[in-house]
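Below you'll find the structure, written out as structure tokens, and then a few comments.
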């Protein structure tokens with residue numbers, strides 16, 4: 001790593017991990033998780049099965065990686081936002097930005113297949129398994145920004161939990177929307193409503 005930036009080796013590893021995760025998701029959506037082999041994922045990403053096994057221990061871990069990594073990127077981005085920026089504005093920008101490519105309405109067939117894929121017990125278990133680490137990183141980033149204690153204060157934990165709940169609700173809304181909606185817009189709106197204090201819509 002040079003001047004705080006990852007070196008070539010680290011960047012190549014990150015690119016390989018991202019390519020494997022995307023290949024795993026795409027193939028699982030197209031074929032169904034049970035019909036995808038590690039060899040298929042590795043071939044789609046242009047690497048060997050042995051390389052795949054150096055990065056992920058299961059298909060579920062590979063698929064969930066992209067979701068987990070986005071939250072970790074958001075936590076890192078939050079730490080770098082301008083200090084004078086209001087917390088929820090900075091948090092919204094940090095959380096929404098990693099969802100690159102999600103600013104257009106998706107193919108309804110893709111959404112339907114993802115919805116079906118997320119019913120897989122192995123994926124549900126992997127999402128739960130990784131949630132603690134990502135939540136901890138987001139709590140720490142909020143605490144660093146607000147001068148609070150991530151271990152003793154309620155505030156950073158409440159903010160992180162609320163933001164991650166907004167992400168979950170936005171994802172559920174996105175997957176069930178008819179017609180299909182761009183995820184970025186749905187998530188940004190969810191965070192906007194939270195930041196506004198969830199005012200009564202009837203008023």
Assess whether residue 29 counts as being surrounded by 14 or more Cβ atoms within 10 Å (Cβ to Cβ), touching a residue at least 60 places away in the same chain (Cβ under 8 Å), in a helix (DSSP H, G or I) and over 17 Å from the mean Cα position of the chain (by Cα).
yes
Note on the stretch 147-176: residues in contact (Cβ under 8 Å) with a residue 40 or more places away in the chain and surrounded by 14 or more Cβ atoms within 10 Å (Cβ to Cβ) are 159, 163, 164, 167, 174, 175
Conditions (1) within 29 Å of residue 141 (Cβ to Cβ); (2) part of a helix (DSSP H, G or I); (3) free of Cβ contacts under 8 Å to residues at least 60 places away in the same chain: number failed by residue 76
(3)
Which condition number does residue 85 fail, the rest of (1) in contact with a helix residue (DSSP H, G or I) (Cβ under 7 Å, 6 or more places away or on another chain); (2) in the same structural domain as residue 114 (by TED's automatic domain parsing); (3) closer than 30 Å to residue 194 by Cβ being met?
(1)
Of these, 196, 185, which one is surrounded by fewer than 17 Cβ atoms within 10 Å (Cβ to Cβ), touching a residue at least 40 places away in the same chain (Cβ under 8 Å) and over 30 Å from residue 58 (Cα atoms)?
185
Counting only residues that are closer than 22 Å to residue 185 by Cβ and in a helix (DSSP H, G or I), how many does the stretch 106-151 have?
9
Taking residue 84, is it surrounded by fewer than 17 Cβ atoms within 10 Å (Cβ to Cβ), within 14 Å of residue 163 (Cβ to Cβ) and free of Cβ contacts under 8 Å to residues at least 40 places away in the same chain?
no
Scanning the stretch 79-105 residue by residue, the ones that are within 20 Å of residue 147 (Cα to Cα), assigned to a loop (DSSP other than H, G, I, E, B) and under 13 Å from the mean Cα position of the chain (by Cα) total 0
Can you name every residue in the stretch 99-131 that is more than 18 Å from residue 172 (Cα to Cα) and surrounded by 15 or more Cβ atoms within 10 Å (Cβ to Cβ)?
122, 130
Hey, residue 138 farther than 25 Å from residue 106 by Cα and surrounded by 16 or more Cβ atoms within 10 Å (Cβ to Cβ) or not:
yes
Considering only residues that are over 15 Å from the mean Cα position of the chain (by Cα) and either buried (at least 17 other Cβ atoms within 10 Å of the Cβ) or touching a residue at least 60 places away in the same chain (Cβ under 8 Å) (or both), which ones fall in the stretch 9-18?
16
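The values are calculated or read from the model by the stated rules, or taken from the named source; none is laboratory data. Computed from a predicted structure; not experimentally measured. All Cβ positions, glycine included, derive from the backbone under ideal geometry; neighbour counts span all protein chains shown.
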